[in-house]
1. Residue check: is THR74 crowded, with 21+ Cβ neighbours inside 10 Å and either touching a helix residue (DSSP H, G or I) at 6+ places or on another chain (Cβ under 6 Å) or at pLDDT 95 or above (or both)?
2. Pull up segment 1-60, narrow it to residues that are polar (S, T, N, Q), at pLDDT below 85 and not in a helix (DSSP H, G or I), then point me to the one that is least open to solvent (accessible area, probe 1.4 Å).
3. Determine if segment 135-147 includes at least one residue that is closer than 24 Å to ILE75 by Cα, among the polar types (S, T, N, Q), modelled with pLDDT of 95 or more and part of a strand (DSSP E or B).
Amino acid sequence: MKVKRNSWAILLIAVAAACSSNKTMPYEAKWNAPFAYVDEVKPDQQDQKSRLRYGIINDDQYVYLTLKTKDPVTIQKILGSGLKIGFSPEGQKKEAYSLTFPVIMKEDRKALRRIETDMPNSLGLSLLLDSYNKEALWKDPKGPHSINLVTGEGSIKSHISMDQNGELTEQIAIPFNLMAVNTREGSVLGINIRVDGQSSGSGLSPRIGIGLGGGIGMGGGMGVGIGTGGGSRYGNDDRNVDIRLEVQLARANM
């Protein structure tokens, strides 16, 4: 009986932990000091499941997000499937707006499987990230449409990079006017950060491809494969990125 009780206790703890990881967490954004883009956004929280660190600030025109991780499983998921950031302004439909970045097109998945990247020092990885930084997918009540990040279309800014220590960084800036948000009237913004495994199945053909259709052969080395299938040698199916936040927007000190 004692063994059975202990087994039930362990099961209940595991179930509770799984449920709590998908709860909406409160987050208090900081006011954006005068600096350019999001260079000074320091992640101050970490999702324990995916080991993705995040930080959010805002001013009266933009909300800025910085996401960072060194976790190989989470890096693999982001590079192989992309992230979808959903936005739910106060008083509006849930996730009426979302940004998918990077965008992975269906025809590129076979090429991605052939890439072996000796992270973080790899020509293949550098080309991949350069390609990703050309485009994002923005969805609003009118529907989804591609955003040219090179020309700064729609004032949306998004950038992904990896440093010499193998840390992946994604920076995003979204203007409030694209979400019909007035920071003087609304103070709460729902944000959901998750891996967008279905991004390539949207039926859209973005104007700018990641340019890997021909395949890039990376030979030898201690490579890390970017898997795009259902499984992984890391056993990452139970490590999904799914961060749900209720963000209290900051206001300027009067």
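1. Criteria not met by THR74.
2. Taking the candidates together, the pick is ASN32.
3. no
The values are calculated or read from the model by the stated rules, or taken from the named source; none is laboratory data. Computed from a predicted structure; not experimentally measured. Heads up, the Cβs are rebuilt from the backbone with ideal geometry, glycines too, and the neighbour counts pull from every protein chain shown. Heavy atoms of the whole protein, side chains included, go into the accessibility calculation; ligands, DNA and RNA do not. Shrake-Rupley method; radii C 1.70, N 1.55, O 1.52, S 1.80 Å.
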